[in-house]
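A.B. asks: Below is one structure. I have some questions about it.
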Amino acid sequence: MEIKVNLATQLKEKPTDESKLGFGKIFTDHMLLIDYDTNRGWYNARIEPYGPLKLDPAAACFHYGQEIFEGLKAYYGKDGGIYLFRAVDNFKRFNYSAKRVCMPTLDVDLAMEALKKLILLDREWIPETRGTSLYIRPTMIATQPFLGVEAADNYLFYTILDPVGSYYPEGLNPIKIYVEDRYVRAVAGGTGEAKTAGNYAASLLPATEAKKKGFTQVLWLDGCEKRWVEEVGTMNMFFVIDDEVITAPLTGSILGGITRDSVIQIVKNWGLKMKEESVSIDEVIADATSGQLKEAFGTGTAAVISPVGQITYKDKDYVIAGGKMGELSQRLYDEIIAIQYAEKPDPYGWVEKIG
Ligand code: COI
(Lines give C-alpha, C1' and ligand atoms only; values in the text may rest on other atoms or scores of the structure.)
Protein backbone atom coordinates (compact mmCIF):
# COMPACT_ATOMS: atom_id res chain seq x y z
CA MET A 1 0.00 0.00 0.00
CA GLU A 2 1.27 3.47 -0.86
CA ILE A 3 1.99 5.66 2.19
CA LYS A 4 1.16 9.25 1.23
CA VAL A 5 3.09 12.06 2.88
CA ASN A 6 1.69 15.52 3.58
CA LEU A 7 4.52 17.51 5.13
CA ALA A 8 3.97 20.01 7.93
CA THR A 9 4.48 23.53 6.63
CA GLN A 10 5.23 24.91 10.08
CA LEU A 11 7.68 22.91 12.16
CA LYS A 12 7.46 23.03 15.94
CA GLU A 13 10.27 24.16 18.18
CA LYS A 14 12.32 21.21 19.38
CA PRO A 15 13.29 20.83 23.03
CA THR A 16 16.76 22.19 23.71
CA ASP A 17 17.45 20.66 27.14
CA GLU A 18 17.34 16.85 26.90
CA SER A 19 17.64 16.53 30.69
CA LYS A 20 14.16 18.06 31.02
CA LEU A 21 12.25 15.91 28.52
CA GLY A 22 10.28 13.90 31.09
CA PHE A 23 7.73 11.58 29.52
CA GLY A 24 4.65 12.00 27.33
CA LYS A 25 4.57 15.77 27.02
CA ILE A 26 6.16 16.66 23.69
CA PHE A 27 5.11 15.37 20.27
CA THR A 28 6.92 15.58 16.94
CA ASP A 29 5.87 17.29 13.69
CA HIS A 30 4.13 14.35 12.02
CA MET A 31 1.87 11.38 12.70
CA LEU A 32 0.93 8.25 10.83
CA LEU A 33 -2.70 7.32 10.10
CA ILE A 34 -4.36 4.31 8.40
CA ASP A 35 -8.12 3.79 8.09
CA TYR A 36 -10.03 0.52 8.27
CA ASP A 37 -13.43 -0.50 7.03
CA THR A 38 -14.83 -4.02 7.42
CA ASN A 39 -15.54 -4.22 3.66
CA ARG A 40 -12.34 -2.55 2.39
CA GLY A 41 -9.80 -3.64 4.97
CA TRP A 42 -6.94 -1.20 5.71
CA TYR A 43 -6.70 1.78 3.34
CA ASN A 44 -5.48 5.35 3.03
CA ALA A 45 -2.12 5.07 4.79
CA ARG A 46 -0.74 8.57 5.25
CA ILE A 47 1.69 10.70 7.18
CA GLU A 48 0.28 14.07 8.10
CA PRO A 49 1.23 17.04 10.23
CA TYR A 50 0.68 16.21 13.93
CA GLY A 51 -2.65 17.62 15.04
CA PRO A 52 -6.10 16.98 16.52
CA LEU A 53 -8.25 14.16 15.14
CA LYS A 54 -11.77 14.97 13.97
CA LEU A 55 -14.12 12.33 15.38
CA ASP A 56 -17.87 12.00 15.65
CA PRO A 57 -19.01 12.34 19.30
CA ALA A 58 -20.79 9.01 18.81
CA ALA A 59 -17.53 7.25 17.76
CA ALA A 60 -17.57 3.85 19.44
CA CYS A 61 -14.17 4.34 21.13
CA PHE A 62 -15.70 7.01 23.38
CA HIS A 63 -18.48 4.79 24.64
CA TYR A 64 -17.40 1.17 24.75
CA GLY A 65 -13.64 1.43 25.10
CA GLN A 66 -12.57 -0.17 21.83
CA GLU A 67 -9.02 1.18 22.04
CA ILE A 68 -5.62 -0.46 22.10
CA PHE A 69 -2.10 0.87 22.12
CA GLU A 70 1.57 -0.04 22.25
CA GLY A 71 4.74 1.54 23.53
CA LEU A 72 8.16 1.08 21.92
CA LYS A 73 11.23 3.19 21.42
CA ALA A 74 13.75 4.35 18.81
CA TYR A 75 17.28 5.20 19.92
CA TYR A 76 20.26 7.10 18.61
CA GLY A 77 23.00 4.48 18.61
CA LYS A 78 26.62 4.99 19.55
CA ASP A 79 27.49 5.00 15.81
CA GLY A 80 24.94 7.74 15.01
CA GLY A 81 22.50 5.19 13.54
CA ILE A 82 18.82 4.97 14.47
CA TYR A 83 17.74 1.73 16.13
CA LEU A 84 14.41 0.11 16.96
CA PHE A 85 14.15 -2.43 19.79
CA ARG A 86 11.90 -5.49 19.24
CA ALA A 87 9.40 -3.47 17.22
CA VAL A 88 7.93 -6.52 15.47
CA ASP A 89 7.19 -8.04 18.90
CA ASN A 90 5.29 -4.91 19.85
CA PHE A 91 3.16 -5.15 16.71
CA LYS A 92 2.52 -8.84 17.39
CA ARG A 93 1.30 -7.91 20.87
CA PHE A 94 -0.77 -5.10 19.32
CA ASN A 95 -2.51 -7.69 17.17
CA TYR A 96 -3.06 -9.90 20.20
CA SER A 97 -4.71 -6.97 21.99
CA ALA A 98 -6.76 -6.20 18.85
CA LYS A 99 -8.23 -9.71 18.79
CA ARG A 100 -9.13 -9.55 22.49
CA VAL A 101 -11.24 -6.41 22.06
CA CYS A 102 -12.67 -7.42 18.69
CA MET A 103 -10.65 -5.05 16.52
CA PRO A 104 -9.00 -5.80 13.16
CA THR A 105 -5.36 -6.92 13.16
CA LEU A 106 -2.67 -4.94 11.36
CA ASP A 107 -0.39 -6.17 8.61
CA VAL A 108 2.88 -6.13 10.59
CA ASP A 109 5.01 -5.51 7.47
CA LEU A 110 2.91 -2.48 6.53
CA ALA A 111 3.00 -1.18 10.12
CA MET A 112 6.80 -1.54 10.22
CA GLU A 113 7.31 0.13 6.84
CA ALA A 114 5.05 3.05 7.76
CA LEU A 115 6.64 3.42 11.21
CA LYS A 116 10.16 3.56 9.78
CA LYS A 117 9.06 6.21 7.27
CA LEU A 118 7.54 8.32 10.07
CA ILE A 119 10.59 8.03 12.33
CA LEU A 120 13.02 8.90 9.54
CA LEU A 121 10.91 11.91 8.60
CA ASP A 122 11.00 13.19 12.21
CA ARG A 123 14.50 11.87 12.96
CA GLU A 124 15.72 15.25 14.19
CA TRP A 125 13.42 14.83 17.17
CA ILE A 126 15.27 11.76 18.46
CA PRO A 127 17.19 12.91 21.53
CA GLU A 128 20.86 11.98 21.64
CA THR A 129 21.73 11.71 25.32
CA ARG A 130 22.11 8.18 26.68
CA GLY A 131 18.94 7.36 28.63
CA THR A 132 16.72 9.40 26.32
CA SER A 133 14.85 8.04 23.30
CA LEU A 134 11.94 8.56 20.94
CA TYR A 135 8.89 6.89 22.48
CA ILE A 136 6.50 5.52 19.86
CA ARG A 137 2.79 5.19 20.58
CA PRO A 138 0.86 3.09 18.01
CA THR A 139 -2.85 3.32 18.79
CA MET A 140 -6.10 1.97 17.35
CA ILE A 141 -9.58 3.37 18.01
CA ALA A 142 -13.08 2.46 16.86
CA THR A 143 -14.38 5.42 14.84
CA GLN A 144 -17.81 4.26 13.66
CA PRO A 145 -20.50 6.57 15.05
CA PHE A 146 -23.20 4.55 16.80
CA LEU A 147 -24.53 3.74 20.25
CA GLY A 148 -24.85 0.05 21.06
CA VAL A 149 -22.56 -2.53 22.54
CA GLU A 150 -21.09 -4.30 19.53
CA ALA A 151 -17.84 -4.28 17.59
CA ALA A 152 -17.52 -1.32 15.21
CA ASP A 153 -17.03 -1.54 11.44
CA ASN A 154 -14.59 1.38 11.18
CA TYR A 155 -11.26 1.98 12.89
CA LEU A 156 -8.33 4.36 12.80
CA PHE A 157 -4.77 3.20 13.42
CA TYR A 158 -2.43 6.05 14.22
CA THR A 159 1.06 6.52 15.61
CA ILE A 160 2.58 9.50 17.38
CA LEU A 161 6.17 10.10 18.50
CA ASP A 162 7.36 11.60 21.78
CA PRO A 163 10.99 12.40 22.69
CA VAL A 164 11.42 11.15 26.26
CA GLY A 165 13.72 10.86 29.25
CA SER A 166 12.80 8.83 32.35
CA TYR A 167 9.23 7.72 32.90
CA TYR A 168 9.46 8.17 36.66
CA PRO A 169 10.68 11.48 38.11
CA GLU A 170 12.94 9.36 40.35
CA GLY A 171 14.94 8.31 37.25
CA LEU A 172 17.05 5.34 38.30
CA ASN A 173 16.52 6.01 42.01
CA PRO A 174 14.45 3.29 43.68
CA ILE A 175 10.71 3.90 43.84
CA LYS A 176 8.24 3.15 46.63
CA ILE A 177 5.28 0.96 45.83
CA TYR A 178 2.03 0.39 47.67
CA VAL A 179 0.55 -3.10 47.70
CA GLU A 180 -3.11 -2.66 46.80
CA ASP A 181 -5.36 -5.06 48.70
CA ARG A 182 -8.74 -3.44 48.09
CA TYR A 183 -9.03 -2.69 44.37
CA VAL A 184 -7.94 -5.08 41.61
CA ARG A 185 -6.58 -4.29 38.14
CA ALA A 186 -7.65 -7.39 36.20
CA VAL A 187 -8.80 -10.97 36.49
CA ALA A 188 -7.86 -14.03 34.45
CA GLY A 189 -10.27 -14.22 31.52
CA GLY A 190 -10.65 -10.42 31.50
CA THR A 191 -8.58 -7.96 29.47
CA GLY A 192 -5.53 -7.70 31.73
CA GLU A 193 -3.19 -9.26 29.21
CA ALA A 194 -4.29 -6.90 26.43
CA LYS A 195 -2.92 -3.38 26.17
CA THR A 196 -6.28 -1.65 26.17
CA ALA A 197 -7.27 1.65 27.76
CA GLY A 198 -9.80 0.23 30.24
CA ASN A 199 -7.08 -1.56 32.22
CA TYR A 200 -5.36 1.75 32.80
CA ALA A 201 -8.62 3.58 33.63
CA ALA A 202 -9.29 0.94 36.31
CA SER A 203 -5.91 1.71 37.88
CA LEU A 204 -6.33 5.47 38.19
CA LEU A 205 -8.29 5.74 41.45
CA PRO A 206 -6.03 3.42 43.48
CA ALA A 207 -2.92 4.97 41.89
CA THR A 208 -4.10 8.47 42.74
CA GLU A 209 -4.82 7.45 46.34
CA ALA A 210 -1.38 5.81 46.59
CA LYS A 211 0.31 8.90 45.12
CA LYS A 212 -1.32 11.09 47.78
CA LYS A 213 0.33 8.83 50.38
CA GLY A 214 3.75 9.32 48.75
CA PHE A 215 3.98 6.17 46.58
CA THR A 216 5.07 6.15 42.94
CA GLN A 217 3.05 3.08 41.94
CA VAL A 218 0.60 0.41 43.04
CA LEU A 219 1.53 -3.27 43.13
CA TRP A 220 -1.48 -5.34 42.06
CA LEU A 221 -2.46 -8.64 43.59
CA ASP A 222 -4.56 -11.26 41.78
CA GLY A 223 -8.25 -10.47 41.48
CA CYS A 224 -9.57 -13.63 43.17
CA GLU A 225 -7.60 -14.24 46.35
CA LYS A 226 -5.72 -10.93 46.56
CA ARG A 227 -2.75 -13.04 47.46
CA TRP A 228 -0.56 -13.54 44.39
CA VAL A 229 1.66 -10.75 43.17
CA GLU A 230 0.79 -9.68 39.61
CA GLU A 231 2.27 -6.48 38.14
CA VAL A 232 2.55 -2.76 38.63
CA GLY A 233 0.39 -1.62 35.69
CA THR A 234 3.22 0.37 34.10
CA MET A 235 5.70 -2.48 34.57
CA ASN A 236 6.10 -6.21 35.25
CA MET A 237 7.67 -7.08 38.60
CA PHE A 238 10.76 -9.17 39.35
CA PHE A 239 12.07 -10.29 42.75
CA VAL A 240 15.49 -11.65 43.61
CA ILE A 241 14.94 -14.13 46.44
CA ASP A 242 18.18 -15.69 47.67
CA ASP A 243 19.88 -16.55 44.38
CA GLU A 244 16.73 -16.92 42.27
CA VAL A 245 15.08 -14.36 40.02
CA ILE A 246 11.28 -14.71 40.05
CA THR A 247 8.51 -13.08 38.06
CA ALA A 248 4.80 -13.87 37.88
CA PRO A 249 3.76 -16.22 35.05
CA LEU A 250 1.47 -14.96 32.28
CA THR A 251 -1.77 -16.46 33.50
CA GLY A 252 -4.16 -14.15 31.67
CA SER A 253 -4.41 -11.06 33.84
CA ILE A 254 -0.83 -9.81 33.39
CA LEU A 255 0.57 -7.95 30.38
CA GLY A 256 3.27 -9.95 28.61
CA GLY A 257 5.92 -7.23 28.68
CA ILE A 258 8.58 -7.13 25.94
CA THR A 259 11.15 -5.91 28.48
CA ARG A 260 9.95 -8.66 30.85
CA ASP A 261 10.72 -11.23 28.17
CA SER A 262 14.09 -9.61 27.41
CA VAL A 263 15.08 -9.74 31.10
CA ILE A 264 14.07 -13.41 31.36
CA GLN A 265 16.22 -14.25 28.34
CA ILE A 266 19.22 -12.27 29.62
CA VAL A 267 19.02 -13.76 33.13
CA LYS A 268 18.88 -17.29 31.67
CA ASN A 269 21.69 -16.47 29.26
CA TRP A 270 23.84 -15.37 32.20
CA GLY A 271 23.32 -18.78 33.78
CA LEU A 272 21.32 -17.42 36.73
CA LYS A 273 18.23 -19.15 38.13
CA MET A 274 15.10 -17.70 36.53
CA LYS A 275 11.60 -18.79 37.55
CA GLU A 276 8.24 -17.74 36.12
CA GLU A 277 6.22 -18.70 39.14
CA SER A 278 3.44 -17.21 41.25
CA VAL A 279 4.78 -15.65 44.41
CA SER A 280 2.45 -14.67 47.22
CA ILE A 281 2.60 -11.29 48.89
CA ASP A 282 3.04 -13.13 52.22
CA GLU A 283 6.21 -14.74 50.90
CA VAL A 284 7.54 -11.42 49.58
CA ILE A 285 6.91 -9.82 52.97
CA ALA A 286 8.43 -12.77 54.89
CA ASP A 287 11.51 -12.71 52.63
CA ALA A 288 11.82 -8.94 52.93
CA THR A 289 11.71 -9.33 56.72
CA SER A 290 14.25 -12.17 56.84
CA GLY A 291 16.58 -10.50 54.34
CA GLN A 292 16.15 -13.24 51.72
CA LEU A 293 14.55 -10.72 49.37
CA LYS A 294 17.68 -9.21 47.91
CA GLU A 295 16.20 -6.99 45.20
CA ALA A 296 12.94 -6.01 43.54
CA PHE A 297 12.61 -4.20 40.24
CA GLY A 298 10.06 -3.45 37.55
CA THR A 299 10.48 -3.76 33.79
CA GLY A 300 8.74 -1.93 30.97
CA THR A 301 9.40 -0.04 27.76
CA ALA A 302 8.77 3.29 29.45
CA ALA A 303 10.31 2.30 32.80
CA VAL A 304 13.20 0.18 31.38
CA ILE A 305 14.53 -1.36 34.64
CA SER A 306 13.20 0.47 37.66
CA PRO A 307 14.46 -0.54 41.10
CA VAL A 308 11.95 -0.79 43.95
CA GLY A 309 13.40 0.38 47.27
CA GLN A 310 10.33 0.02 49.45
CA ILE A 311 7.13 -2.00 49.49
CA THR A 312 4.30 -1.02 51.82
CA TYR A 313 1.69 -3.64 52.71
CA LYS A 314 -1.10 -3.22 55.26
CA ASP A 315 0.49 0.02 56.44
CA LYS A 316 3.89 -1.51 57.15
CA ASP A 317 6.98 -0.45 55.22
CA TYR A 318 9.56 -2.96 54.00
CA VAL A 319 12.84 -1.56 52.73
CA ILE A 320 14.52 -3.58 49.96
CA ALA A 321 18.25 -3.66 49.16
CA GLY A 322 18.80 -0.90 51.71
CA GLY A 323 16.61 1.37 49.58
CA LYS A 324 19.29 1.40 46.85
CA MET A 325 19.48 -0.02 43.34
CA GLY A 326 20.52 -3.68 43.64
CA GLU A 327 23.51 -5.18 41.87
CA LEU A 328 21.47 -7.35 39.48
CA SER A 329 19.02 -4.53 38.67
CA GLN A 330 21.97 -2.30 37.74
CA ARG A 331 23.62 -5.05 35.69
CA LEU A 332 20.40 -5.72 33.79
CA TYR A 333 19.82 -2.02 33.18
CA ASP A 334 23.37 -1.63 31.84
CA GLU A 335 22.99 -4.68 29.58
CA ILE A 336 19.63 -3.68 28.08
CA ILE A 337 20.66 -0.07 27.58
CA ALA A 338 23.94 -1.14 25.94
CA ILE A 339 22.01 -3.34 23.49
CA GLN A 340 19.37 -0.66 22.79
CA TYR A 341 21.99 2.01 22.08
CA ALA A 342 24.04 -0.44 19.99
CA GLU A 343 27.01 0.01 22.32
CA LYS A 344 27.64 -3.71 22.27
CA PRO A 345 26.77 -6.58 19.95
CA ASP A 346 23.19 -7.83 20.23
CA PRO A 347 23.32 -11.62 20.51
CA TYR A 348 19.49 -11.83 20.66
CA GLY A 349 18.60 -10.17 17.33
CA TRP A 350 16.49 -7.53 19.12
CA VAL A 351 17.73 -4.30 17.55
CA GLU A 352 17.19 -3.18 13.98
CA LYS A 353 19.12 -0.32 12.40
CA ILE A 354 16.68 1.76 10.36
CA GLY A 355 18.76 4.76 9.37
C1 COI B 1 5.11 1.36 28.18
O2 COI B 1 5.92 0.93 28.99
O3 COI B 1 5.43 1.62 27.03
C4 COI B 1 3.72 1.61 28.55
O5 COI B 1 2.89 1.62 27.71
C6 COI B 1 3.39 1.93 29.94
C7 COI B 1 2.68 3.22 29.96
C8 COI B 1 1.79 3.27 31.08
C9 COI B 1 3.59 4.38 29.83
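The values are calculated or read from the model by the stated rules, or taken from the named source; none is laboratory data. Note that this is a predicted model, so its numbers are computed, not measured. Here Cβ is always computed from backbone atoms with ideal geometry, including for glycine, and neighbour counts include all displayed protein chains.
The rows are residues; the columns are (1) over 30 Å from TYR43 (Cα atoms); (2) in contact with a strand residue (DSSP E or B) (Cβ under 9 Å, 6 or more places away or on another chain).
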residue: VAL149; (1), (2): no, no
residue: ARG185; (1), (2): yes, yes
residue: GLY189; (1), (2): yes, no
residue: THR196; (1), (2): no, yes
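A.B. asks: Looking for something within 15 Å of the ligand (Cβ to nearest atom), more than 16 Å from LYS195 (Cα to Cα), touching a Lys or Arg at 6+ places or on another chain (Cβ under 7 Å) and in contact (Cβ under 8 Å) with a residue 40 or more places away in the chain - is there at least one such residue anywhere in the stretch 122-134?
C.D. replies: yes
A.B. asks: Just for the stretch 231-256: of the residues that are of a type in the set (Val, Ile, Thr) and away from the ligand (no atom under 13 Å from the Cβ), which one is farthest from LYS294 (Cα to Cα)?
C.D. replies: Per the criteria, the residue is THR251.
A.B. asks: Just need a number here: residues in the stretch 1-59 that are closer than 22 Å to ASP107 by Cβ and modelled with pLDDT under 95.
C.D. replies: Residues that pass the stated criteria total 1.
A.B. asks: Tally the residues that are of a type in the set (Asp, Glu) and more than 16 Å from the ligand (Cβ to nearest atom), restricting the search to the stretch 192-230.
C.D. replies: Summing the residues that are of a type in the set (Asp, Glu) and more than 16 Å from the ligand (Cβ to nearest atom) in the stretch 192-230 gives 3.
A.B. asks: Could I ask something else about it? Does the stretch 257-277 contain at least one residue that is touching a residue at least 12 places away in the same chain (Cβ under 8 Å), within 16 Å of the ligand (Cβ to nearest atom), touching a Leu at 6+ places or on another chain (Cβ under 6 Å) and part of a loop (DSSP other than H, G, I, E, B)?
C.D. replies: no
A.B. asks: Separate question: Got at least one residue in the stretch 181-201 being crowded, with 19+ Cβ neighbours inside 10 Å and either more than 24 Å from VAL101 (Cα to Cα) or aromatic (Phe, Trp, Tyr) (or both)?
C.D. replies: no
A.B. asks: Of everything in the stretch 96-116, what is touching a helix residue (DSSP H, G or I) at 6+ places or on another chain (Cβ under 9 Å) and closer than 20 Å to TYR64 by Cβ? Give them in sequence order.
C.D. replies: Scanning the stretch 96-116 gives VAL101, MET103, PRO104, THR105.
A.B. asks: While we're looking at this one, here's another question. Can you say whether GLY148 is at pLDDT 95 or above and within 24 Å of GLU230 (Cβ to Cβ), as far as the supplied structure shows?
C.D. replies: For GLY148, the condition - at pLDDT 95 or above and within 24 Å of GLU230 (Cβ to Cβ) - is not met.
A.B. asks: Determine whether the stretch 311-324 contains at least one residue that is under 25 Å from TYR135 (Cβ atoms) and either assigned to a helix (DSSP H, G or I) or at pLDDT 95 or above (or both).
C.D. replies: Taking every residue of the stretch 311-324 in turn, none turns out to be under 25 Å from TYR135 (Cβ atoms) and either assigned to a helix (DSSP H, G or I) or at pLDDT 95 or above (or both).
A.B. asks: Oh, and also: Quick check on GLN10: is it out of contact with any helix residue (DSSP H, G or I) (no Cβ under 8 Å at 6 or more places or on another chain), in contact (Cβ under 8 Å) with a residue 60 or more places away in the chain and away from the ligand (no atom under 16 Å from the Cβ)?
C.D. replies: Against the criterion (out of contact with any helix residue (DSSP H, G or I) (no Cβ under 8 Å at 6 or more places or on another chain), in contact (Cβ under 8 Å) with a residue 60 or more places away in the chain and away from the ligand (no atom under 16 Å from the Cβ)), GLN10 does not qualify.
A.B. asks: Quick check on my filter: what residues within the stretch 299-355 are of a type in the set (Val, Ile, Thr) and either farther than 18 Å from VAL284 by Cβ or surrounded by fewer than 21 Cβ atoms within 10 Å (Cβ to Cβ) (or both)?
C.D. replies: Within the stretch 299-355, THR301, VAL304, ILE305, THR312, VAL319, ILE336, ILE337, ILE339, VAL351, ILE354 meet the criteria.
A.B. asks: While we're on this one: List the residue pairs whose Cβ atoms are under 8 Å apart, where the first residue sits in the stretch 331-347 and is at negative phi, the second is among the polar types (S, T, N, Q), and the two are 6 or more positions apart or on different chains.
C.D. replies: Note: pairs meeting the criteria are ILE336/THR259; ILE336/SER262; GLN340/SER133; PRO347/ASN269.
A.B. asks: Would you point out which residue out of GLY51, GLY80 is surrounded by fewer than 16 Cβ atoms within 10 Å (Cβ to Cβ), under 16 Å from LEU118 (Cα atoms) and either of a type in the set (Gly, Ala, Ser) or away from the ligand (no atom under 16 Å from the Cβ) (or both)?
C.D. replies: Within the list GLY51, GLY80, the selection yields GLY51.
A.B. asks: Here's a follow-up. Can you tell me which residue in the stretch 58-116 is farthest from TYR155 (Cα to Cα), limited to those that are of a type in the set (Val, Ile, Thr) and touching a residue at least 12 places away in the same chain (Cβ under 8 Å)?
C.D. replies: ILE82
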